[in-house]
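Notes to accompany the following structure.
The values are calculated or read from the model by the stated rules, or taken from the named source; none is laboratory data. Not measured: the values here are computed from a predicted model. Quick reminder, even Gly has a Cβ in these numbers, built from the backbone with ideal geometry, and neighbours come from all protein chains shown. The protein model used for the area step is the full one, side chains on, heavy atoms only, and it has no ligands, DNA or RNA in it. Shrake-Rupley method; radii C 1.70, N 1.55, O 1.52, S 1.80 Å.
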Amino acid sequence: MDSIQYIEQRRNRTKQRLIIRLGVLQMIHKPLLNILLMPIAVLTVLIWKEKDRLFMIIEVPQVLFPIYKYSIGIIAAIIPMLIILALIDFVGNATARKDECDLQEAFDSQDLRNGCPILMNKKRIKGSDVTIREFYSSIPLKTWVERQEDIPDSMNVPFVEKLKYGGKSNGKRIVMYTATEREATARGKLYDDEF
C-alpha cells in the first residue's frame, strides 16, 4: 500500500468517526431530533415481543434450538443498534454537508490536497445568534487566517471572533464563532439623480 492510499484511508476513518461524533452531539444539542428515535424504540419493543412467536412458527430440531434461540436474541439486539447508528450517521452527514461544501469554496486546490476540513461540532450559544463551529483540518491556522476574508463570503456568515485552535494542544482543530446574518455593506447611492 502506498502512502497516498494510506493517508486517504486514515482520513476516511477519521471522517467517519467525526461524523458519528457530530451526529451524537447534534442529538444532544437539538433534543427535538430525538423524536426520530421513537419509531426505533417501538420497533425494538415489537421485535422483542414477537421474538417468542417466531420460535413457534419455525420448527427447529431440539438439538439446534438453543443455538437458534440465542441467534434470534442477538439479531433482535443488533438490528435496532444498526438502525440507531445509521440514524446518527445521517444526522451527522446532514449537519456537516452544507458547512463543509461552503468552506471548500474558500480554499484553493493546493490547500485541499489532504482533503476538506471536517465539521466536528456545531452548536448555537443559547440566548444569542452566535454559532460555534469546530473543524478538524490538516490546513494550518496560518492559511485559515490568510483566507479569513474568503471564508465568511463562502459560508455567508460574519465572524464574531478570530479563528483559533480548539482543544488544549491539538493543532488540527480550528474553532470559528459566527453570527447568523451578515450586515449589508453601505454602497452609497445606487442610482443617478442627474437625468
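In table form, for the structure just shown:
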item: Distance from the range 113-162 to the range 80-110 (C-alpha centre basis), Å; result: 15 Å
item: Residue order for 88, 83, 139, 4 - accessible surface, 1.4 angstrom probe, largest first; result: 4, 83, 88, 139
item: Integer Hz, Karplus 6.51/-1.76/1.60 couplings in order for the range 139-152, x for Gly and Pro; result: 7, x, 4, 4, 5, 4, 5, 4, 8, 4, 7, 7, 4, x
item: Largest to smallest principal axis extent of the C-alpha atoms in the range 55-104, angstrom; result: 61, 16, 11
item: Residue 69 accessible area, 1.4 Å probe, all protein chains in place, Å² to nearest 10; result: 100 Å²
item: Net dipole in debye of the range 74-144 [+1 Lys, Arg Cβ; -1 Asp, Glu Cβ; about Cα centre; nearest 20]; result: 260 debye
item: Length released on extending from residue 47 to residue 70, taking residue separation times 0.36 nm less the Cα-Cα span; result: 6.9 nm
item: Contour minus Cα-Cα distance for residue 165 and residue 97 (0.36 nm per residue); result: 22.3 nm
item: Debye, to nearest 20: dipole size of the range 1-112, +1 on Lys, Arg Cβ, -1 on Asp, Glu Cβ; result: 540 debye
item: Lysine pair number, Cα distance threshold 24 Å (strictly under), the range 1-143, separation 8 or more or different chains; result: 16
item: ³J(HN,Hα), Karplus 6.51/-1.76/1.60, whole Hz, each residue of the range 4-18, x for Gly, Pro; result: 5, 5, 5, 4, 5, 5, 5, 5, 5, 5, 5, 4, 5, 5, 6
item: Packing rank of 37-50, 9-22, where each peptide gets the mean count of other beta carbons within 10 Å, highest leading; result: 9-22, 37-50
item: Only Lys, Arg (+1) and Asp, Glu (-1) charged, at Cβ; the range 35-181 dipole about Cα centre in debye; result: 680 debye
item: Under the Debye formula (equal points on every Cα, no solvent term), log10 I(q)/I(0) of the chain at q = 0.18 Å⁻¹; result: -1.22
